[in-house]
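Inspection log for the structure reproduced underneath, given as structure tokens.
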Amino acid sequence: MKSESLRGYSLLSPTLLAMVLGLAMPLVVLITLSFWIQDYLDFIRTFSLKNYTDFFQKPIYIKILFKSIRMSGLVTIATVLLAYPMAYFIAFRVKHNKLVWLILITVPFWTSYLLRVFAWKIMLGYNGVINSGLLSLGILSEPLEFLLYNPTSVVITLAHAWAAFAILPIYVSLEKIDRSLLEASRDLGENVFMTFMRVTLPLSLPGVIAASLLVFIPTVGDYVTPALVGGPRGIMIGNIIQSMFGKALNWPLGAAISVMSMITVTLMVCLFIWGTHNFRKRVA
Amino acid sequence: MSQDPIISFQNVSKSFGEVKAVDGANFEINRGEFFALLGPSGCGKTTLLRMVAGFETPNSGEVYIDGQPMSATPPNHRPVNMVFQNYAIFPHMDVRGNIAFGMRKSGLSKSELDKRIDETLELIKLQGYGKRGADELSGGQRQRVALARALIKHPKVLLLDEPLGALDKKLREQMQIELRQLQQQVGITFLFVTHDQEEALTLSDRIAVMTEGHVKEIASPAQLYENPKSRFVADFIGSMNFFQGEVIDLNNKQLSISTDVLGEISVPASDSDYASKSPVWVAIRPEKLQPVFSAPDDSSNVIEGEIGPSAYLGDRSHFYVHIEKREEPVLVALQNLERSSDLHRNPFQKVWLKWSNASLVVLPRN
């Protein structure tokens with residue numbers, strides 16, 4: 001018995017080691033750092049809550065954190081709403097070569113993230129594809145200025161960039177649904193729409209939840225997209241943290257903002273899961 | 001009763017690509033009947049059932065339910081409900097939720113609906129299981145929930161797709177009796193699909209035997225077993241020994257037939273006419289051949305053979321008997337009436353098989 005559990009741990013140990021080194025250690029370092037104080041190029045290594053009081057006293061940080069959460073929330077909603085029909089189409093309408101469709105969806109991800117963000121810059125820019133297209137068609141007399149360098153362009157770019165992460169889990173959950181359940185619903189008197197609402201949607205909810213988390217959690221902290229297409233009004237919490245570790249040179253404050261952002265995201269996720277759980281119960 | 005069809009198939013055909021699943025089905029199912037579609041897999045029985053439910057549409061012909069043509073009616077507006085082969089219990093709902101699923105538009109108040117659900121739970125003997133989740137039910141319980149979910153809607157016809165296929169033997173036998181009782185209790189027409197001939201014989205008032213998209217014969221279980229009209233039906237339902245024969249002549253309502261092994265026999269002529277010299281099969285069920293182990297005094301209606309392989313089945317034993325001039329052994333079933341552990345007969349033992357001419361079935365051979 002003992003040797004068996006020992007063998008289990010020894011099997012686990014490489015993973016365990018990687019987890020400790022790769023996840024737990026940086027977290028410990030980050031949290032420790034957040035209680036120190038920056039002193040020009042060095043740290044004052046005594047316990048202090050100064051960074052956290054700074055975070056709560058200067059409204060800019062909380063404001064930008066909540067703006068980031070709002071934007072990521074929008075990105076998540078947009079991505080899931082766009083991904084669901086695509087996943088539904090592949091799961092229910094495509095009869096042959098589903099794999100080809102799935103691979104096609106991931107094709108944009110074979111290029112670098114930066115390239116995809118730049119592509120949107122080209123699309124949305126002052127002299128970009130959309131503006132010049134509309135101009136040449138005579139629909140516009142001068143280019144639209146609101147397309148780029150604002151929160152909307154960040155939402156559009158992120159929604160596209162993370163599409164595959166939403167399509168795949170939703171597709172998997174739809175594919176798993178026993179088709180006879182849909183027939184049973186029709187047989188029991190529900191039309192196509194109500195069958196979707198009462199059977200397909202609740203049963204694909206795990207995929208929707210997974211997709212939402214996969215999109216929401218990483219996009220809250222994203223700083224590349226807002227830096228490139230967001231302009232001054234499109235700044236997110238990731239940009240603040242980045243500047244703290246860079247130009248602003250205040251690592252402890254950056255660490256404290258990271259910790260606070262992490263806690264907030266965790267709370268949001270818990271709230272979200274609790275909400276969807278209740279929704280499922282209500283449907284049943 | 002035969003003048004009151006609840007379902008009527010009129011020249012119904014359905015193809016999937018090149019394959020003709022159902023080819024010109026033309027028959028009726030009576031109100032209140034327990035009707036079976038029986039056939040080997042791929043014979044089109046499930047397609048026929050799904051056309052009644054509305055999940056498949058016929059390429060030609062029309063399905064009528066209670067006199068109404070159904071082609072333009074989607075499944076959700078048809079007055080039939082189905083018990084699916086895998087039961088299709090909604091996994092995100094408990095037993096009550098599953099049973100109430102189809103009652104959303106019933107117009108019943110919450111308390112009336114609760115009462116109906118309780119009654120239905122009682123009908124299928126699952127009182128107290130209302131709060132169970134779908135994954136907490138055994139196979140038999142899942143089937144009961146599937147039945148309840150359909151029956152609470154009071155359909156004109158209950159469709160059952162291989163309803164007992166997923167259950168083990170004991171449970172299946174128990175459910176057969178319960179299904180039969182349930183059908184009599186609720187008085188709804190049951191139309192069910194099965195490949196299990198024993199199940200069809202046990203449950204049904206009438207059986208349609210299908211093969212390769214065609215309905216070969218529709219009759220009561222006893223008719224199909226004792227008086228089949230084709231070699232396929234005779235062979236598919238139960239076991240049958242076939243002997244080649246040729247009609248010699250027909251007079252005084254007696255049909256004289258010369259056979260390869262049984263000699264010349266004379267049987268009462270049935271309703272079908274056979275011309276002189278027409279080729280026929282003379283068939284007999286294994287249990288209607290009486291084996292004797294010493295030479296009988298009367299040598300008429302007796303063939304001599306030698307015991308080959310045998311199988312002990314508890315209540316009865318099966319023997320294969322080799323007969324001279326015949327390649328295929330004859331199957332004989334013998335009830336094990338005495339209590340003995342030595343019911344295996346010795347191989348190569350001589351045996352005489354007796355039969356009565358009334359047990360012989362004459363079938364067309366072509």
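The values are calculated or read from the model by the stated rules, or taken from the named source; none is laboratory data. These figures come from a predicted structure and were not determined experimentally. Ideal geometry is used to build each Cβ from the backbone, glycine not excepted, and the neighbour counts take in all protein chains shown. In case anyone asks, the SASA skips ligands and DNA or RNA and just uses the protein heavy atoms, side chains included. Shrake-Rupley method; radii C 1.70, N 1.55, O 1.52, S 1.80 Å.
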Let me check something: with ligands and nucleic acids excluded, how do B:325, B:216 order by accessible area (1.4 Å probe), largest to smallest? B:325, B:216
Those chymotrypsin sites (Phe, Trp or Tyr not before Pro) from the range A:1-85 that are DSSP loop and have at most 11 other Cβ neighbours within 10 Å turn out to be A:40, A:47
Ordering A:187, B:168 from largest to smallest accessible area (1.4 angstrom probe), what's the sequence? B:168, A:187
Do any of B:110/B:131; B:105/B:131; B:216/B:325 go past 26 Å between their Cα atoms, and which? B:216/B:325
Each residue of the range A:244-261 in turn: what ³J(HN,Hα) in whole Hz from Karplus with 6.51, -1.76, 1.60 and θ = phi - 60°, glycine and Pro shown as x? 4, 7, x, 4, 6, 6, 9, 4, x, 5, x, 5, 5, 5, 4, 4, 5, 5
How large is the dipole of chain A about the Cα centre if only Lys and Arg carry +1 and Asp and Glu carry -1, each at its Cβ, rounded to the nearest 20 debye? 360
Go through the range A:263-284 and flag every residue whose accessible area shrinks by 50 Å² or more with all protein chains in place compared to the isolated chain (probe 1.4 Å). A:284
How big is the A-B contact in terms of buried accessible area, both chains counted, 1.4 Å probe, rounded to the nearest 100 Å²? 2000
Using alpha-carbon positions, what is the distance between the centroids of the range A:192-256 and the range B:100-172, in Å? 45
Using each residue's phi in the range B:96-101, evaluate 6.51 cos²θ - 1.76 cosθ + 1.60 at θ = phi - 60° and report the 3J(HN,Hα) Karplus result to the nearest Hz, with x for Gly and Pro. 4, x, 4, 5, 7, 3
Simple label model, 7 Å out from Cα along Cβ direction - residue A:137 to residue B:293, nm: 9.6
Taking every DSSP beta bridge that has both residues in the range B:5-234, what percent is antiparallel when rounded to the nearest 5? 55
In terms of the alpha carbon gyration tensor, root eigenvalues a ≥ b ≥ c, rounded if a/c is under 1.5 and otherwise prolate when a/b exceeds b/c or oblate, chain A is oblate
What is the distance in Å between the Cα centres of the range A:12-82 and the range B:214-253? 84
Tensor-based shape of the protein assembly as shown (alpha-carbon gyration tensor, a/c under 1.5 rounded, otherwise prolate or oblate): prolate
Work out the mean other chain Cβ neighbour count within 10 Å for the residues of B:27-35 and drop it here as an integer. 0
Suppose we compare each residue of the range B:56-82 in its chain alone and in the full protein complex with a 1.4 Å probe; which ones drop by at least 40 Å² of accessible area? B:76
If the only charges are +1 at each Lys and Arg Cβ and -1 at each Asp and Glu Cβ, what is the size of the charge dipole of the range B:239-364 around the Cα centre, to the nearest 20 debye? 240
If amide hydrogens are placed 1.01 Å from N in the peptide plane, which non-local residues have theirs closer than 5 Å to the one on residue B:190? B:33, B:34, B:35, B:158
Just list whichever of A:95/B:14; A:95/B:45; B:20/B:169; A:95/B:169 have alpha carbons separated by over 29 Å in the model shown. B:20/B:169; A:95/B:169
Ignoring trypsin sites (Lys or Arg not before Pro) that are buried or in helix or strand per DSSP, and keeping those with at most 14 other beta carbon atoms within 10 Å, what is the longest stretch of chain A between them? A:96-175
Using alpha-carbon positions, the gyration tensor of the range A:201-264 gives root eigenvalues a ≥ b ≥ c; with a/c under 1.5 called rounded, otherwise prolate if a/b exceeds b/c, else oblate, the class is oblate
Using a probe radius of 1.4 Å on heavy atoms only, what accessible surface per residue do you get for the range A:46-120? Whole Å² is fine. 63
Would you jot down the residues in the range B:92-107 that end up with at least 20 Å² less accessible area in the complete protein assembly than in the chain alone, with a 1.4 Å probe? B:92, B:93, B:101, B:104, B:105
Cut-off under 17 Å on the C-alpha distance; same-chain residues fewer than 8 positions from residue B:125 excluded. Which aspartates and glutamates are left, in chain and number order? B:94, B:114, B:136, B:173, B:178
Computing the accessible area with a 1.4 Å probe over protein heavy atoms, can you report the carbon and sulfur percentage for the protein assembly as shown? 60
Counting only other chains, what is the mean number of Cβ atoms within 10 angstrom of the Cβ of each residue in peptide B:150-159? 1
Rounded Å value of the spacing that divides the Cα centres of the range B:23-96 and the range A:97-123: 46
Please name whichever of B:219, B:300, B:240 sits farthest to the positive end of the charge dipole of the range B:215-339, dipole taken about the Cα centre and charges placed at Cβ: Lys and Arg +1, Asp and Glu -1. B:219
May I ask you to give the solvent-accessible area per residue for chain B, in square angstrom, as obtained with a 1.4 angstrom probe? 48
